[in-house]
Amino acid sequence: MNPRDPGHHLHVHRDQRELAHAVAQRISRAASQAVARRGRFTITLAGGSTPRTLYSVLAQDHARDIPWSSIVILFGDERCVGPDHEHSNFRMAAQTLLTRVGILPHHVHRIRAESGSADAAREYDHVLRNVLAADPDGMFDLTLLGMGADGHTASLFPGRDFSADAGRLAMPATAPTAFPVPERVTITLEAIARSRNVDFLVTGSDKRATLQAVLRAAGSDADPALPASLVRGRHGIDWHVDAAANPHIPIPHS
Ligand code: 6PG
């Protein structure tokens with residue numbers, strides 16, 4: 001582990017539901033603190049399926065204790081489809097959370113990926129810079145991330161030329177054919193590093209070996225073949241995992 005790296009904090013939860021409730025509590029505390037200090041809380045939502053339970057818990061159990069009218073919503077990545085498409089990350093977040101709490105529409109910054117990855121990435125890069133400019137420290141508050149069994153996060157996939165992302169907060173991305181919708185827009189490692197808190201949500205036994213490899217690689221010898229190991233957060237990274245993905249459980253030798 002790189003000594004300069006603020007560190008990785010592992011939180012093992014019994015199952016997805018317990019993980020969702022714990023992370024929802026964490027978001028509620030962080031949001032109340034940020035709004036009291038800076039008048040707003042920015043949260044970058046993860047896509048995929050794991051966050052669905054968390055977003056539902058936020059809508060069901062935290063509609064009142066979170067100051068939703070002061071919450072700013074960003075997205076970690078989007079597939080290049082319309083906002084009503086079954087594979088849209090925005091659609092998933094809208095159904096599970098955004099339409100169920102008092103978020104102000106102009107505080108929801110959707111990636112307009114249906115316009116094509118190059119144009120949408122340029123536009124979102126500006127959106128992210130404007131959001132950062134309104135923060136006294138030029139930071140985002142919380143970035144939620146998922147991780148695939150191949151070690152990708154957001155739409156930063158193994159094999160990506162990360163040097164091309166230099167100086168950018170959002171970029172076009174291409175997913176391997178095994179994933180829905182190859183053409184995408186993603187936030188960059190630089191954007192994630194501008195976040196006060198970075199929380200990964202990783203569940204399922206199929207991700208345990210990858211998580212072990214990512215935690216081993218994280219830090220100075222981080223591995224571009226495992227993009228999740230390249231992620232940095234200003235105050236370290238919190239990994240929320242269920243028992244099935246617990247990296248401390250040895251992988252049975254097949
Ligand atoms: C996406 C996500 C992606 C996701 C991981 C994990 O658009 O697909 O941003 O990075 O977080 O693939 O997905 P699951 O939570 O569905 O396993």
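The values are calculated or read from the model by the stated rules, or taken from the named source; none is laboratory data. Treat the numbers as computed from the prediction; the structure is a model and nothing was measured. Heads up, the Cβs are rebuilt from the backbone with ideal geometry, glycines too, and the neighbour counts pull from every protein chain shown.
Scan the range 172-179 and give yes if some residue there is in contact (Cβ under 8 Å) with a residue 12 or more places away in the chain and more than 13 Å from the ligand (Cβ to nearest atom), otherwise no. Checking the range 172-179: at least one residue is in contact (Cβ under 8 Å) with a residue 12 or more places away in the chain and more than 13 Å from the ligand (Cβ to nearest atom).
The residue list VAL35, VAL57, VAL12 contains one member that is within 16 Å of the ligand (Cβ to nearest atom) and surrounded by 14 or more Cβ atoms within 10 Å (Cβ to Cβ), which is VAL57. Of the residues making up the range 236-243, none is buried (at least 16 other Cβ atoms within 10 Å of the Cβ), within 18 Å of the chain's Cα centre (by Cα) and at pLDDT below 90. Among the residues that make up the range 107-124, is at least one of them out of contact with any strand residue (DSSP E or B) (no Cβ under 6 Å at 6 or more places or on another chain) and among the β-branched types (Val, Ile, Thr)? No: the range 107-124 contains no residue that is out of contact with any strand residue (DSSP E or B) (no Cβ under 6 Å at 6 or more places or on another chain) and among the β-branched types (Val, Ile, Thr). Inside the range 177-193, residues that are of a type in the set (Ser, Thr, Tyr) and assigned to a strand (DSSP E or B) make up a count of 1. Summed over the range 38-54, the residues that are crowded, with 16+ Cβ neighbours inside 10 Å and within 16 Å of the ligand (Cβ to nearest atom) give a count of 11.
Taking the criterion of being in a loop (DSSP other than H, G, I, E, B) and under 25 Å from LEU54 (Cβ atoms), the residues of the range 202-232 that qualify are THR203, GLY204, ALA218, LEU226, VAL231, ARG232.
ARG100 meets each of the listed conditions (1) away from the ligand (no atom under 16 Å from the Cβ); (2) of a type in the set (D, E, K, R); (3) more than 21 Å from SER28 (Cβ to Cβ) apart from (3). Beta carbons closer than 6 Å, at least 6 apart along the sequence or on distinct chains, pair a first residue in the range 73-94 that is within 26 Å of VAL35 (Cβ to Cβ) and among the aromatic types (Phe, Trp, Tyr) with a second that is within 11 Å of the ligand (Cβ to nearest atom) and not in a helix (DSSP H, G or I) for PHE75/LEU45; PHE75/ILE111. In the condition set (1) within 24 Å of ILE111 (Cβ to Cβ); (2) touching a strand residue (DSSP E or B) at 6+ places or on another chain (Cβ under 9 Å), SER56 is compliant with all but (2).
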